[in-house]
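First comes the structure, then the notes that go with it.
Just so you know, all these numbers are worked out from the coordinates, no wet-lab data involved. Note that the structure is predicted; figures quoted are calculated from it, not measured. Neighbour counts run over all protein chains shown; Cβ positions are idealised from the backbone, glycine included.
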Amino acid sequence: MKAQTLSSAAALALALACAPAALPPAPEIPQPNPPVVLPPFRMDSTATPDRVPPFQETPLIVWGPPPEGTTHAERKRRYDLQHQVTNVRFDWSRQAVVGTTTLTIAGLPDAAPISTVMIDAGDMTFKQVSTESKELKYDYDGRALTVHLASPLRAGQKTSITIEYDGANRTKGAYFRPARHIVWTQGETEDNHFWVPTYDFPNDKTTWEFYIWTAKDERALSNGRLAGSRAVGDSIEWHWVLEKPASTYLMTTVVGKYTVLQDKPWRNVPVGYWTYPDSVDAGWRGFAKTPQAIDVFSRKTGVPYPWSKYDQIVIPEFQYGGMENVTATSQNDAEILHPAATEPQANSVPLMAHELGHQWYGDLLTTRDWGDVWLNEGFATFMEQVFHEEDLGVDEASYDRLGAQEQTIDADRRARRPIVWNKWVNDPIEVFFSGHIYPKGATILQMLRHQLGDAAFWKAMNHYTTAHAYGNVVTDDLRKAFEESTGKDFKTFFDQWVYGAGFPVFQVSSLYDRAARRLVISAREVQARDSLTGFFDVDVDVEARTDSGVVRFVVPVRNGTGEAGANLKAPPRSIRWDKGNWILDLTDFPRSTRMLQYQLVNDDDVLGRIEAAGVLAQRPGDQMALNALILATRNDRFWAVRSRAADAIGAWGSDSSRAAASPMRTVTNALVAATRDPDARVRQSAATGLGRLPLAGPAARDVVIRLRELARTDPNLIVRGVALASDIRLEKNAAIPLAKQLMTTDVWQSVIRGPAVNALKDVGTPEAMQLVQQYAPANQ
Ligand SMILES: [Zn+2]
């Protein structure tokens with residue numbers, strides 16, 4: 001499963017049509033005035049290029065309190081569900097699910113005979129419960145059906161139970177979406193039993209079949225292989241068969257008018273994309289890289305795609321981004337079917353790769369209970385990163401890893417907890433989106449990969465994957481598989497990173513002895529420690545760049561401290577702690593502005609350049625820092641360095657305490673120049689930053705001209721939206737005629753209206769609020 005990545009304003013507008021619209025003609029452009037000369041920049045007297053600042057006084061992180069909830073143990077199985085056959089139709093007149101399902105169950109080995117069988121069934125009524133046509137007695141409490149067997153079921157013995165049911169008053173499970181006349185289901189975590197009675201907990205695996213009834217002009221998608229379809233009166237019956245076992249939360253049915261795009265098969269595995277008849281081009285574009293990703297994952301894991309086919313289907317008004325229903329993934333239509341003019345910010349590849357990754361991790365190997373669900377989600381997020389690296393290269397992959405680390409750090413700031421966590425208040429879904437199991441899970445796997453090297457890491461992954469194929473897993477199965485495969489001990493690693501919470505916070509210092517030409521790096525861990533978070537024993541890669549070459553060495557940190565050194569031929573021009581950012585940490589490593597400027601220009605690792613930009617951004621009043629950031633917006637070869645540098649310049653310029661000491665003209669010119677960047681993401685940062693500057697009157701004129709031009713003509717719709725918003729922030733009421741023009745026609749996900757509405761709210765004048773009333777998402 002994956003959360004939606006669209007902004008909340010966009011999510012509110014989900015029901016809107018997705019077609020990009022032509023924009024109205026351009027208004028007249030005012031002619032620019034001569035540039036305004038601003039007072040010269042005043043240098044902060046404490047800022048000198050070679051000064052090394054002290055450690056920060058405030059802690060880099062204060063752990064958030066653990067999330068609330070009580071412990072939920074794994075459900076104890078009392079029988080083995082071996083096969084299930086369901087015949088189902090969706091009754092639009094009552095929005096009801098009407099079905100008959102037969103469960104084949106067996107007594108568990110070595111278990112005492114059972115005389116009752118509990119089957120999950122939510123908000124249903126029953127016409128009959130029977131075995132081989134003989135009626136059975138049952139009790140029902142609205143959530144579970146307790147069936148009284150005719151005779152006790154002994155270990156290994158099989159029986160079948162047939163349930164004729166009707167579900168008209170569901171709160172979840174199956175969803176009728178009238179706008180497109182589509183019905184879809186959503187099981188994870190324990191919701192499938194609201195549309196089909198079953199054993200609804202992940203720790204049992206079964207095969208299943210669905211017979212699904214649709215109207216003549218509709219199709220039905222489900223798991224496994226399409227075994228047949230036949231016309232019956234004015235209906236069609238579709239028969240789908242899942243021949244390999246899976247957990248029942250992965251059962252799915254989608255019914256509606258769909259066009260099926262059949263891509264070239266991967267080896268002999270059919271690959272299909274189910275899209276709306278009016279969205280064929282967008283469907284091809286959104287799913288295009290699927291066969292390539294199947295190939296990458298099969299090759300990396302050494303386990304070829306393990307199911308009979310792979311279909312993905314877009315569904316309307318979905319509460320998540322995607323759901324990895326085995327062989328039949330549901331994808332949020334808004335995430336997949338974006339217009340080309342919103343790329344690369346809108347991008348369906350991560351979602352496609354994530355849900356595909358689940359076909360191995362989640363579907364082939366499935367967490368035994370929700371407390372270990374990082375084995376599904378952390379792995380799928382990791383696979384998403386793996387595909388990104390194969391597809392777009394190391395810089396993009398590094399930037400992905402940084403993003404995951406930043407999300408994890410934010411998560412611990414809000415609510416620190418270990419990855420393995422089985423406490424929640426109302427619903428197991430609460431453990432999913434805290435920021436731990438997805439990004440931290442992926443980060444842990446990346447650390448293992450770096451520690452072992454690719455060959456040994458993937459060999460261990462292959463061992464884990466083949467040892468537990470079509471089975472259930474807990475976290476310790478992963479540790480054991482890695483130990484068996486590598487011969488190494490991973491107890492400390494798992495205790496620190498997986499069963500323990502938090503991460504190390506380092507204070508790092510460097511000492512270069514010019515006479516001895518020796519560099520020594522010392523580190524100590526300063527994170528708040530308690531029963532959940534201790535010290536982290538890690539080996540940290542250090543790199544010093546000099547005029548006579550690059551020197552790398554490792555600082556082993558044990559029990560909270562570490563120190564190591566290396567001989568250099570020339571003084572260090574820059575020093576990296578944790579080269580490559582493989583370790584999840586926060587680090588306070590004071591270095592001079594000159595060193596950071598050198599790092600921003602010369603580090604071959606994109607994350608080193610981003611780190612330097614981030615630290616320089618915190619040095620207000622230091623002209624060398626500002627100049628270094630400006631040069632990075634112009635010269636860096638990777639878009640995210642340019643984009644982050646532009647963000648930093650914008651933030652700097654907007655901070656009133658710093659703005660007084662900043663050369664505003666320099667800031668403004670740098671951001672205007674960055675609005676001409678070839679990458680839309682950099683233009684977006686620059687346009688956003690310009691709207692935050694305290695500019696008025698003549699000083700704002702050139703900026704306004706450029707923002708208006710971007711809002712009307714940028715090839716990227718998202719850039720147009722933020723440029724319009726920035727123009728509104730600067731011009732206030734004077735921007736309203738342009739806003740009225742550009743907001744008239746809605747475009748995909750309200751990427752123009754949404755930011756404009758927010759800016760108009762901030763302006764707050766009666767004229768602005770009138771437009772807000774007209775276009776706020778709630779009124780659409
Ligand atoms: Zn997922």
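Test of understanding: what is the full-extension gain from residue 392 to residue 469, defined as 0.36 nm times their sequence separation minus their Cα-Cα distance? Please report the intermediate quantities before stating the final value.
Working: separation 77, 0.36 × 77 = 27.72 nm, distance 2.96 nm.
Result: 24.8 nm gained on full extension.
Along the charge dipole of the chain, Cβ charges K/R +1 and D/E -1, which of 306, 196, 538 sits furthest on the positive end?
Highest projection toward the positive end goes to 538.
If packing is taken as the average count of other Cβ atoms within 10 Å, what order do 398-411, 313-326 fall into, highest mean first?
313-326, 398-411
Counting every Cα pair in the chain, what percent are over 43 Å apart? Provide the component values of the computation, followed by the final result.
Numbers: 111383 of 303810 pairs.
Distances greater than 43 Å cover 37 percent of the Cα pairs.
Pop out the ³J(HN,Hα) list for the stretch 273-290 in order, Karplus 6.51 cos²θ - 1.76 cosθ + 1.60 with θ = phi - 60°, rounded to Hz; leave Gly and Pro as x.
Calculated HN-Hα couplings, in order: 10, 9, 10, 6, x, 8, 9, 5, 4, 5, x, 4, 5, x, 9, 3, 8, 4 Hz.
Take peptides 420-433, 151-164 and line them up by average Cβ neighbours within 10 Å, highest first, as a rough protection proxy. Before the final figure, lay out the partial values.
Working: 420-433: 17.4, 151-164: 15.7.
Listed from highest to lowest mean packing, they are 420-433, 151-164.
Work out the length of the dipole vector of the chain about its Cα centre, built from +1 on the beta-carbon of each Lys and Arg and -1 on the beta-carbon of each Asp and Glu, and round it to the nearest 20 debye. Before the final figure, lay out the partial values.
Working: 83 positive and 92 negative charges, 280 e Å.
Result for the chain is approximately 1340 debye, rounded to the nearest 20.
Per 0.36 nm of contour for each residue apart, how much would the distance between residue 548 and residue 567 grow if the chain were fully extended, relative to their Cα-Cα spacing? Could the numbers behind the result be given before it?
Details: separation 19, 0.36 × 19 = 6.84 nm, distance 1.17 nm.
Going from the current span to full extension adds 5.7 nm.
If each DSSP helix of 4+ residues adds -39,500 (n - 2.57) and the sum is divided by the residues in the chain, what number results at 222 nm, nearest 500 deg cm²/dmol?
Details: 23 runs with 259 residues, N = 780.
After summing the helix terms and dividing by residue count, I get -10000 deg cm²/dmol.
Can you tell me the equivalent ellipsoid semi-axes for the stretch 348-403? Use √(5λ) from the Cα gyration tensor, largest first, whole Å.
23, 12, 7
Work out how much length residue 515 to residue 528 would gain on full extension: take 0.36 nm times their residue separation and subtract the Cα-Cα distance, in nm to one decimal. Before the final figure, lay out the partial values.
Working: separation 13, 0.36 × 13 = 4.68 nm, distance 3.80 nm.
0.9 nm is the gain from fully extending residue 515 to residue 528.
Quick one: grab the alpha carbon gyration tensor of the stretch 588-659, order the square roots of its eigenvalues as a ≥ b ≥ c, and give me rounded if a/c is under 1.5, else prolate or oblate depending on whether a/b is larger than b/c.
Numbers: a/c = 1.89, a/b = 1.28, b/c = 1.47.
Because a/c hits 1.5 or more and a/b fails to exceed b/c, the stretch 588-659 counts as oblate.
If we count every other residue with Cβ under 12 angstrom of residue 359's Cβ, Lys/Arg +1 and Asp/Glu -1, where does the sum land?
Numbers: positive: 244, 309; negative: 311, 324, 355, 363.
That sum, taken over residues with Cβ under 12 Å, equals -2.
Report the residues of the stretch 417-455 in range of a label on residue 3: point 7 Å along Cα→C-beta, backbone N strictly under 17 Å from it.
417-421, 424-443
Please list 3J(HN,Hα) in residue order for the stretch 540-556, calculated via the Karplus relation 6.51 cos²θ - 1.76 cosθ + 1.60 where θ = phi - 60°; whole Hz, with x for glycine and proline.
Ordered by residue, 3J(HN,Hα) equals 10, 7, 10, 9, 10, 9, 10, 6, 10, x, 9, 10, 10, 8, 10, 9, x Hz.
Just to verify a number: FRET efficiency for residue 134 and residue 93, C-beta to C-beta distance, R0 = 35 Å, to 0.05? Kindly include the intermediate steps, with their values, before the conclusion.
On the way: r = 33 Å, r/R0 = 0.94.
The calculated FRET efficiency here is 0.60.
For the stretch 207-270 and the stretch 326-360, compute the distance between their C-alpha centroids and round to whole Å.
About 21 Å separates the Cα centre of the stretch 207-270 from the one of the stretch 326-360.
What is the mean projected area of the alpha carbon convex hull for the stretch 64-209, to one decimal in square nanometres?
Details: hull surface 45.8 nm².
That works out to 11.5 nm².
In 10 Å bins starting at 0, how do the alpha-carbon pair distances of the stretch 291-400 split up by percent?
14, 45, 35, 6, 0
Rounded to the nearest 0.05, what FRET efficiency is calculated for residue 234 and residue 495 with R0 set to 56 Å and r the Cβ-Cβ distance?
On the way: r = 62 Å, r/R0 = 1.11.
That pair, residue 234 with residue 495, gives E of 0.35.
Provide, in order from the shortest bin, the percent of all Cα-Cα pairs of the stretch 554-696 in each 5 Å bin, continuing until the bin that contains the maximum pair distance.
2, 10, 19, 19, 18, 12, 9, 5, 5, 1, 0, 0
What number comes out for the charge environment of residue 74, summing +1 per Lys or Arg and -1 per Asp or Glu over other residues with Cβ under 10 Å away? List each step's numbers first, then the result.
Values: positive: 75, 76, 77, 368; negative: 369, 372.
Its environment carries a net charge of +2.
Quick check: pseudo-label points 7 Å beyond the Cα along Cα→Cβ at residue 154 and residue 480, how many nm apart are they?
3.1 nm
Over the Cα atoms of the stretch 474-536, how large are the radius of gyration and the largest Cα-Cα distance (Dmax), in Å?
Final numbers for Rg and Dmax: 17.3, 55 Å.
Nearest 10 degrees is fine. How inclined is helix 639-654 to the longest principal axis of the chain, computing both from alpha carbons?
60 degrees
For a Förster distance of 41 Å, can you work out the FRET efficiency between the beta-carbons of residue 627 and residue 347, rounded to the nearest 0.05? Show your work: numbers first, answer last.
Details: r = 33 Å, r/R0 = 0.80.
It comes to 0.80.
Can you check what the net charge comes to around residue 526, using other residues whose Cβ is under 13 Å from the Cβ of residue 526 (Lys, Arg +1; Asp, Glu -1)?
On the way: positive: 524, 529; negative: 57, 525, 585, 588.
Overall, the nearby charge balance is -2.
Using only Cα atoms, what is the ratio of the radius of gyration of the stretch 165-306 to 2.2 N^0.38 Å?
Working: Rg = 16.4 Å, N = 142, 2.2 N^0.38 = 14.5 Å.
With N residues counted in the stretch 165-306, Rg over 2.2 N^0.38 Å equals 1.14.
How large is the convex hull of the Cα atoms of the stretch 635-750 per residue, expressed in Å³ as a whole number?
It is 100 Å³ per residue.
Counting just the Cα atoms, what span does the stretch 100-183 cover along each of its three principal axes? Round to the nearest Å and put the largest first.
Extents along the principal axes, in whole Å: 51, 24, 22.
Based on the Cα coordinates of the stretch 476-590, what is the per residue volume of their convex hull in Å³?
Numbers: hull volume 12.8 nm³, N = 115.
Cα-based convex hull of the stretch 476-590, divided per residue, equals 111 Å³.
Farthest toward the dipole's positive end in the chain, which of 268, 486, 592, given Cβ charges of +1 (Lys, Arg) and -1 (Asp, Glu) about the Cα centre?
Going by the charge dipole, the pick is 592.
Mind listing P(r) for the stretch 139-226? All alpha-carbon pairs, 10 Å bins, whole percents.
P(r) over the stretch 139-226, rounded to whole percents: 11, 39, 35, 13, 3, 0.
Arrange the peptides 300-307, 548-555 so that the one whose residues have, on average, the most other Cβ atoms within 10 Å appears first.
On the way: 300-307: 18.0, 548-555: 14.4.
With the highest mean Cβ count within 10 Å placed first, the list reads 300-307, 548-555.
Under the rule a/c < 1.5 gives rounded, and otherwise a/b versus b/c splits prolate from oblate, where does the stretch 410-514 land using the Cα gyration tensor? Don't jump to the answer; show the numbers that get you there.
On the way: a/c = 2.48, a/b = 1.10, b/c = 2.25.
Taking the square roots of the gyration eigenvalues as a ≥ b ≥ c, the stretch 410-514 is oblate.
Between the helical axis of 664-674 and the dominant principal axis of the chain, each derived from Cα atoms, what acute angle in degrees is found, rounded to the nearest 10?
Taking the Cα atoms of the chain, the angle to 664-674 is about 50 degrees.
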